[in-house]
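Below is one structure, written out as structure tokens; comments come after it.
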Amino acid sequence: QVQLVESGGGLVQAGGSLKLSCAASGRTSSISRMGWFRQSPGKEREFVASTYWSSSSTSYADSVKGRFTITSDNRKGYLQMTNLKPEDTAVYYCAVRTVTSAIFHYWGQGTQVTVSS
């Protein structure tokens, strides 16, 4: 089992920045990949970014490329968000895949990000 706790969400003006954190505990040695997802009211959850836990290989949704940066370090994952836009408003979730899973199996509880115009 892996437990995830997100933090760092909040209210920010358009053009501002926020850094989300995701603390992992439990069987962290089994983690192969970490991802960030988000869900806005009335919309389906969408992929934001992902990274391999032990390398610098990353992937981003087109809507956040050049503005968001995903990193991981010592059982923690981060999502640095810059030049935020109102359409970035959502609940952000971190999730991890393990070496035995083809899907993001473990999820955090989410943290709210609100960007005002």
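The values are calculated or read from the model by the stated rules, or taken from the named source; none is laboratory data. Predicted model, so just to flag it, every value in this text is computed and none were measured. Reconstructed Cβ throughout: ideal geometry from the backbone, glycine too, with neighbour counts over all protein chains shown. Remember, those area values only see protein heavy atoms, side chains included, never the ligands or the DNA or RNA. Shrake-Rupley method; radii C 1.70, N 1.55, O 1.52, S 1.80 Å.
I'm told residue 86 meets every condition in (1) at negative phi; (2) of a type outside the set (Val, Ile, Thr); (3) in contact with a Leu (Cβ under 8 Å, 6 or more places away or on another chain) except one. Can you identify the failing condition by its number?
With respect to (1) at negative phi; (2) of a type outside the set (Val, Ile, Thr); (3) in contact with a Leu (Cβ under 8 Å, 6 or more places away or on another chain), residue 86 is out only on (3).
Would you confirm, using the coordinates I've provided, whether residue 89 is surrounded by 12 or more Cβ atoms within 10 Å (Cβ to Cβ) and in contact with a Gly (Cβ under 8 Å, 6 or more places away or on another chain)? Spell out how you get there, then give the answer.
Numbers: surrounded by 12 or more Cβ atoms within 10 Å (Cβ to Cβ): yes; in contact with a Gly (Cβ under 8 Å, 6 or more places away or on another chain): no.
It is false that residue 89 is surrounded by 12 or more Cβ atoms within 10 Å (Cβ to Cβ) and in contact with a Gly (Cβ under 8 Å, 6 or more places away or on another chain).
Is there any pair linking a residue in the stretch 46-67 that is at negative phi and open to solvent by less than 60 Å² (accessible area, probe 1.4 Å) to one that is part of a loop (DSSP other than H, G, I, E, B) and modelled with pLDDT under 95, with Cβ under 7 Å and at least six apart or on different chains, and which?
Within 7 Å, the pairs are 51/57.
What residue, among those in the stretch 5-22 that are loosely packed, with under 15 Cβ neighbours inside 10 Å and under 12 Å from the mean Cα position of the chain (by Cα), is nearest to residue 79 (Cα to Cα)?
19
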